[in-house]
Amino acid sequence: MCGIFAVFGCGPDMETFRPHAVALSKKIRHRGPDWSGVKVCGNNVICHERLAIVGVESGAQPLTSADESLILSVNGEIYNHVTLRKLLKKEHTFKTNSDCEVILYLYEEMGLDLLKHLDGMFSFVLYDKNKDTYIAARDHVGITTLYQGWRHSDNSVWFASEMKCLSEDCDRIIAFPPGHYYNSSNGKTTQYYNPEWYAHPAKGIPAPEEEAALLSPEADAEMYASLRAALEKSVKKRLMSEVPYGVLLSGGLDSSLIASIAMRQRRSEETGSVSAEDDDDIRSAFSSSSAFPRLHSFSIGLPGSPDLAAAQKVATFLGTVHHGFTFTVEEGLDAIGEVIEHLETYDVTTIRASTPMYLLSRKIKAMGVKMVLSGEGADEIFAGYLYFHSAPSAQSLHHECITRIQNLHTSDCLRANKSTMAWGLEARVPFLDRAFLDVAMRAEYASHKLVNRAPYNHKMEKHIIRAAFDTPEDPYLPREILWRQKEQFSDGVGYSWIDRLKLHAESRVSDAAFAARAERFPVDTPATKEAYWYREKFERVFPGPQCLESVVRWIPRKDWGCSEDPSGRAQKGHVAAYEK
Ligand SMILES: *[C@@H]1O[C@H](CO)[C@@H](O)[C@H](O)[C@H]1NC(C)=O
């Protein structure tokens, strides 16, 4: 992954503006410490800060087409780039081995239809010199971050991977909506990602009275096989890397499953069995792979935390080279200011959970690893949060899953992207693969995600994904991990982390200040001292209403008893218009 930054239509004096743009782009160099590039064309500047993982030697950006009429800056990975090249009807001379270059020629041949074909995670801006127009786009669920800003003094439009590039110059900043593109010709932002299960969420969910008739071991077996095949394929795609990579192991089910699948893939890779049904993307990925000879896994927690012990158990079982790091509460507290600066949010849950991941990412990068696989998304897809136990029906559960997936870019995707990119480490998230989502979000699976409800009476959340990988003859995971009850990341690192954060905030925010909170923070007023403390830190680095507006927060449902989470008690200040 990388950092992108672009300004379109800025004031006439480009000689002065160019060094300013370079300085702003440098603010996100942590995302791409390997190289930088700047292209100026008319009144437009397109910059790129590169983290090299695929096409390491040749893939410097911004990329340009053969005749230099298209300029492209991408943050992301396109896993099907080999297949995409075959969609091209004309001959093109590729200048690099970058997985992103194909976007230029797809655009040339099919315009915005190209977005239908991209399989991966990405944010990009593409400038078309001949038409003097540009487009910007963000991947289907917002695995990568992207912000858009406007400066009214010269009517310029700005884009950047992080808000900090825009905060000083723009009067208005938004988090760019996932699954959308922007077309400068008409100034419109349009949704391009709209799978069947988004568009018609209620379609295909059996009525409760039909459920019992549908119950069959064959149907279950088929569901489990589909889930397994889709997740294995997703992990396999994501092993495309020319540099050392590893896996994050939180000790919970989701990351453990990903680690287990990755380990199996590598084993079959070592024995030379990329199978006949594998497509060219996977063959190509494996031929260029130069990972560590053994798979490394990483975890972090307070000394004695339940997650550390569980992660170690998984690592021993799988045979990874495991690195379990500990952090002290003081180290965590010391990092809170930096975490807020990197995350660009004041959301309580996100900050709590990001801090350990932020500290861990630094350690991982220091070991020479540039990419990790991670388990985000499974709780949203499979109704893994404990409050889902109160879902009254399959319909409403399915709806809530969809809403949570649509809001991942405000929570776990934001955390995973920015905590790791703070140190130039890339996180890949197999559960959020487009094809996997299409399988896992099938309407007919919705009732299987309910807990303690007839006819299935599953005893535990995420039953179907656990059962799908419960293959005792050749186990993916130890049973006690496969069937381990959920602990949220910020709890699992050690229960005292959150308690200590709260205590610390109590000592930092006086009762008088807290009593006057609505005057100090009239918009999205913090509901707890902890929230107040984070908000204060946020506004110190990012003053101004345009920065506040860029923060999109997800407010969980209270009617299912989800309000234990302090962010859920906060006022509904900024819920983006596109949240459905
Ligand atoms: C952008 O919008 C204009 C005007 O509606 C349209 O003519 C053009 O084809 C669009 N651009 C792309 C790349 O589709």
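Being more than 11 Å from the ligand (Cβ to nearest atom) and out of contact with any strand residue (DSSP E or B) (no Cβ under 8 Å at 6 or more places or on another chain) is the filter here; which residues of the range 160-187 pass it?
Once the filter is applied, which keeps residues that are more than 11 Å from the ligand (Cβ to nearest atom) and out of contact with any strand residue (DSSP E or B) (no Cβ under 8 Å at 6 or more places or on another chain), the range 160-187 yields 164, 168.
Which one of 536, 519, 506, 480 is part of a helix (DSSP H, G or I), in contact (Cβ under 8 Å) with a residue 60 or more places away in the chain and acidic (Asp, Glu)?
Details: 536 fails: in contact (Cβ under 8 Å) with a residue 60 or more places away in the chain; 519 fails: in contact (Cβ under 8 Å) with a residue 60 or more places away in the chain; 506 fails: in contact (Cβ under 8 Å) with a residue 60 or more places away in the chain.
Going through 536, 519, 506, 480 in turn, the sole match is 480.
Of a type in the set (S, T, N, Q), over 18 Å from residue 63 (Cα atoms) and either more than 21 Å from the chain's Cα centre (by Cα) or part of a strand (DSSP E or B) (or both) - does that describe any residue in the range 120-140?
Among the residues of the range 120-140, not one is of a type in the set (S, T, N, Q), over 18 Å from residue 63 (Cα atoms) and either more than 21 Å from the chain's Cα centre (by Cα) or part of a strand (DSSP E or B) (or both), which makes the answer no.
Please go through the range 1-32 and give me each residue that is part of a loop (DSSP other than H, G, I, E, B) and either surrounded by fewer than 17 Cβ atoms within 10 Å (Cβ to Cβ) or among the hydrophobic types (A, V, I, L, M, F, W, C) (or both), ordered by number.
Pass one, the range 1-32, residues part of a loop (DSSP other than H, G, I, E, B): 1, 9-13, 27-28, 32.
Matches in the range 1-32: 1, 9, 10, 11, 12, 13, 28.
Identify the single condition in (1) closer than 19 Å to residue 188 by Cα; (2) surrounded by fewer than 24 Cβ atoms within 10 Å (Cβ to Cβ) that residue 173 does not satisfy, given that it satisfies every other one.
Condition not satisfied by residue 173: (2).
Scan (1) within 16 Å of the ligand (Cβ to nearest atom); (2) in contact with a strand residue (DSSP E or B) (Cβ under 6 Å, 6 or more places away or on another chain); (3) more than 30 Å from residue 380 (Cα to Cα) for the single condition residue 137 breaks and write down its number.
(3)
From the list 352, 362, exactly one residue is surrounded by fewer than 24 Cβ atoms within 10 Å (Cβ to Cβ) and either over 24 Å from residue 76 (Cβ atoms) or of a type outside the set (Ser, Thr, Tyr) (or both). Which is it?
Values: 352 fails: surrounded by fewer than 24 Cβ atoms within 10 Å (Cβ to Cβ).
After applying the criteria, what remains is 362.
Identify, please: which residue in the range 92-134 is touching a strand residue (DSSP E or B) at 6+ places or on another chain (Cβ under 8 Å) and within 11 Å of the ligand (Cβ to nearest atom) and is, among those, farthest from residue 149 (Cα to Cα)?
Per the criteria, the residue is 108.
Of everything in the range 531-548, what is more than 25 Å from residue 511 (Cβ to Cβ) and buried (at least 18 other Cβ atoms within 10 Å of the Cβ)? Give them in sequence order.
542, 546, 547
Does the range 409-427 hold any residues that are closer than 12 Å to residue 1 by Cβ and part of a helix (DSSP H, G or I), and which are they?
416, 417, 418, 420, 421
Mind counting the residues in the range 375-393 that are surrounded by fewer than 23 Cβ atoms within 10 Å (Cβ to Cβ) and small (Gly, Ala, Ser)?
The qualifying residues number 4.
What number goes with the only condition from (1) in contact with a Ser or Thr (Cβ under 8 Å, 6 or more places away or on another chain); (2) within 16 Å of the ligand (Cβ to nearest atom) that residue 190 does not pass?
(1)
Bear in mind these aren't lab numbers, they're just calculated from the coordinates by the rules spelled out. Computed from a prediction, not measured in an experiment: that's the story for all the values here. Because the Cβ atoms are built from the backbone with ideal geometry, glycine has one as well, and the counts that use them run over all protein chains shown.
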